[in-house]
Amino acid sequence: QVQLVESGGGLVKAGGSLRLSCVASGQSFSRTAMGWFRQTPGKEREFVATISRLSGTTIYADSVKGRFTISRDNAKNTVYLQMTNVKPEDTAVYHCAYAAGSSATMTMTDYKYWGQGTQVTVSS
């Protein structure tokens, strides 16, 4: 069983920046891909970004491309989401996710474990 704990959310003004972190328990972190998803009330959870196990591949949703950067530190069992030039439509609960495999993937069902999420609110 893997536990994921996100942090770094909060209130930020449009155009500002925020960095989310997610720490994973367990010893298999470096062998798995990781992802970030987000969800707002009444909407389905949506893909934001993913990174392969050795950071060789990253994939982003079109809505965040050029503004968000996913990265990881396998020595610290941590994945990050650097958010820049944020917009009000980025407001959501952000969840990190631990994939079943090593390849970056946008598919929700490819992820085995999920964090509880951290709230990001962007004011206009």
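The values are calculated or read from the model by the stated rules, or taken from the named source; none is laboratory data. Since the model is a prediction, treat every value here as computed from it, not as a measurement. Heads up, the Cβs are rebuilt from the backbone with ideal geometry, glycines too, and the neighbour counts pull from every protein chain shown. Side chains included, ligands, DNA and RNA excluded: accessible areas come from the protein's heavy atoms. Shrake-Rupley method; radii C 1.70, N 1.55, O 1.52, S 1.80 Å.
What is the number of the single condition among (1) among the charged types (D, E, K, R); (2) assigned to a strand (DSSP E or B); (3) open to solvent by 20 Å² or more (accessible area, probe 1.4 Å) that residue 38 does not meet?
Here residue 38 clears every test but (3).
Here is a yes/no grid of residues against (1) open to solvent by less than 60 Å² (accessible area, probe 1.4 Å); (2) on the phi > 0 side of the Ramachandran plot; (3) among the aromatic types (Phe, Trp, Tyr); (4) modelled with pLDDT of 95 or more:
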residue: 10; (1), (2), (3), (4): yes, yes, no, yes
residue: 33; (1), (2), (3), (4): yes, no, no, yes
residue: 69; (1), (2), (3), (4): no, no, no, yes
residue: 77; (1), (2), (3), (4): yes, yes, no, yes
residue: 104; (1), (2), (3), (4): yes, no, no, yes
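Considering (1) over 18 Å from residue 107 (Cβ atoms); (2) touching a residue at least 40 places away in the same chain (Cβ under 8 Å); (3) touching a Lys or Arg at 6+ places or on another chain (Cβ under 8 Å), say which one residue 25 fails and leave the rest.
(3)
Say whether the condition of being open to solvent by 50 Å² or more (accessible area, probe 1.4 Å), assigned to a loop (DSSP other than H, G, I, E, B), closer than 20 Å to residue 14 by Cα and of a type outside the set (Phe, Trp, Tyr) is met by at least one residue in segment 42-60.
There is no residue in segment 42-60 that is open to solvent by 50 Å² or more (accessible area, probe 1.4 Å), assigned to a loop (DSSP other than H, G, I, E, B), closer than 20 Å to residue 14 by Cα and of a type outside the set (Phe, Trp, Tyr).
Just the residues that are over 15 Å from residue 30 (Cβ atoms), in contact (Cβ under 8 Å) with a residue 40 or more places away in the chain and in a loop (DSSP other than H, G, I, E, B), please, taken from segment 62-99.
84, 85, 86, 87, 91
Here is a list: 97, 104, 49. Which entry is over 20 Å from residue 17 (Cα atoms) and in contact with a Gly (Cβ under 7 Å, 6 or more places away or on another chain)?
None of the other options fit; the residue is 97.
Show the residue pairs that are 6+ apart or on different chains and have beta-carbon atoms under 9 Å apart, the first residue being within segment 110-124 and under 12 Å from residue 38 (Cβ atoms) and of a type in the set (A, V, I, L, M, F, W, C), the second being open to solvent by 70 Å² or more (accessible area, probe 1.4 Å) and outside any strand (DSSP E or B).
Here the result reads 122/87; 122/89, each pair linking segment 110-124 to a residue that is open to solvent by 70 Å² or more (accessible area, probe 1.4 Å) and outside any strand (DSSP E or B).
Could you check segment 16-31 and list, in sequence order, the residues that are outside any strand (DSSP E or B) and open to solvent by 50 Å² or more (accessible area, probe 1.4 Å)?
17, 27, 31
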